Amino acid sequence: MPTNRALILALALVGLANTPAGAEEFTAFVQPIPDSEQDISMVAVTGGSFVMGSPESETGRQDWEGPQHRVTVGDFFIGKYEINWQQYELFVYRDEDSFNSLVDPATLAGLAIDGVTGATSPYVEMSFGMGKEGFPAVNVTHYAALQYARWLSAKTGRFYRLPTEAEWEYACRAGTSTAMSFGSDAADKYAVTTDNSEEKYARTGSRDANPWGIHDMHGNVAEWTMDQFDPAFYATSPGGNPYNRPTELYPRVARGGSWAQPLEHARCAARLPSAANWKERDPQIPKSRWWLTNAPFVGFRLVSPRVQPPAAEIQRYWLEAIEDYGI
């Protein structure tokens, strides 16, 4: 019947709209890290439009959180938790055998990877006594977080990177428009800040998830994004997948606040610019490009685009990983 044919056509179009050609099924997945017992849980985030930035009336707001502007982001996967020490130290302490277990050369070429730089071992205990088993990796430079993503890509064959500021805030808000995804009450259930941290970070996932099932978006550790920090960027920011491409080492943007900051710094719109003095106590000359010595409040989580980009675009991303020797 004509009515049934129309219905079938409509359902087919809906299916096409939700499953782009060449794209995988869009559901949460767990990424095993080869040659280890570790894995990374990834949440599927359906892209959409939202208002980025904070209103002038928001408590704790900084001028650089505005003007508010409508932004659209594409589909992506994001880590359910911050990267923890067990996941990060596989990269730091990898042995020679790990070089033989990267994905095949053709896949590496598709990821624009012809080599992976390794992190140097730290010269002090970089958790600063706050714990490692299940706790977020901290004191990691922006460069090191980018290289971890490159190493993970080479190990798994899937492109991973840091989130853009827009992706991060979209995932933090999780469909809400309030300063915190949990509203204004019950902060202890969702956030780790100076109000409840006892002056140290907490195990990842120790607090409740936001409405999209993502943990620790409010506090615990601030998280690196891909973007250069520019107080004026929002005024001219494009509306589609905005990204302020880095051209200088400092400042980059961390999001989400931390255990060392009050709750207002854990708002979805709060932005934290990095600074050279995050390495102030590093006695080396030049200073380490892998480790911070004054930022035990900064960590990261990873994203992976739903539709993997072409090698040329990935190559451009890797080249943006400016070597970080600090000052």
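All of (1) hydroxyl-bearing (Ser, Thr, Tyr); (2) surrounded by fewer than 24 Cβ atoms within 10 Å (Cβ to Cβ); (3) closer than 16 Å to ARG267 by Cβ hold for TYR170 with one exception: (2).
Collect the residues in segment 260-269 that are open to solvent by less than 30 Å² (accessible area, probe 1.4 Å) and within 17 Å of THR204 (Cβ to Cβ), keeping them in residue-number order. Matches in segment 260-269: ALA266 only.
Take TRP151 and decide whether it is open to solvent by 30 Å² or more (accessible area, probe 1.4 Å), of a type in the set (Phe, Trp, Tyr) and assigned to a helix (DSSP H, G or I). In short, no.
I'd like the full set of residues that are at pLDDT below 80 and open to solvent by 70 Å² or more (accessible area, probe 1.4 Å), limited to segment 300-327. Result: LEU319, GLU323, TYR325, ILE327.
For segment 299-308, a residue qualifies if it is assigned to a loop (DSSP other than H, G, I, E, B) and farther than 15 Å from ALA254 by Cβ, and the qualifying residues are ARG306, VAL307, GLN308. When residues in segment 22-50 are screened for being in contact (Cβ under 8 Å) with a residue 60 or more places away in the chain, of a type in the set (Asp, Glu) and either touching an Asp or Glu at 6+ places or on another chain (Cβ under 9 Å) or not in a loop (DSSP other than H, G, I, E, B) (or both), 1 of them pass. Set side by side, the residues GLY15, GLY47 differ, and just one is open to solvent by less than 60 Å² (accessible area, probe 1.4 Å), at pLDDT 95 or above and not hydrophobic (A, V, I, L, M, F, W, C), which is GLY47. Considering ASP195, ASP208, ASP230, ASP188, the condition of being open to solvent by 30 Å² or more (accessible area, probe 1.4 Å), outside any loop (DSSP other than H, G, I, E, B) and more than 14 Å from VAL303 (Cα to Cα) is satisfied by ASP188 alone. Considered as a group, the residues in segment 51-85 that are among the acidic types (Asp, Glu) and part of a loop (DSSP other than H, G, I, E, B) include one that is least open to solvent (accessible area, probe 1.4 Å), and that residue is GLU82. Go through the residues of segment 125-142 one by one and say whether even a single one is surrounded by fewer than 24 Cβ atoms within 10 Å (Cβ to Cβ) and acidic (Asp, Glu). Scanning segment 125-142, I find at least one residue that is surrounded by fewer than 24 Cβ atoms within 10 Å (Cβ to Cβ) and acidic (Asp, Glu), so the answer is yes.
Sort out which residues of segment 246-268 are more than 15 Å from the chain's Cα centre (by Cα) and part of a loop (DSSP other than H, G, I, E, B), and write them in order of number. Residues satisfying the conditions are PRO246, THR247, GLU248, LEU249, TYR250, PRO251, TRP259, ALA260, GLN261, PRO262, ARG267. Among residues of segment 219-241 that are at negative phi, those with a beta-carbon under 7 Å from a residue that is outside any loop (DSSP other than H, G, I, E, B) and among the hydroxyl-bearing types (Ser, Thr, Tyr) at least six positions away or on a different chain give the pairs GLY239/THR72; GLY240/THR72. Of the residues that make up segment 280-298, is at least one part of a loop (DSSP other than H, G, I, E, B), under 19 Å from ARG161 (Cα atoms), basic (Lys, Arg) and open to solvent by 40 Å² or more (accessible area, probe 1.4 Å)? Yes.
The values are calculated or read from the model by the stated rules, or taken from the named source; none is laboratory data. Note that the coordinates shown come from a computational prediction; the quantities given were computed from them, not determined experimentally. We place every Cβ from the backbone using ideal geometry, glycine too, and count neighbours over all the protein chains shown. Each accessible area value is taken on the protein alone, full model and side chains, heavy atoms only, with ligands, DNA and RNA left out. Shrake-Rupley method; radii C 1.70, N 1.55, O 1.52, S 1.80 Å.
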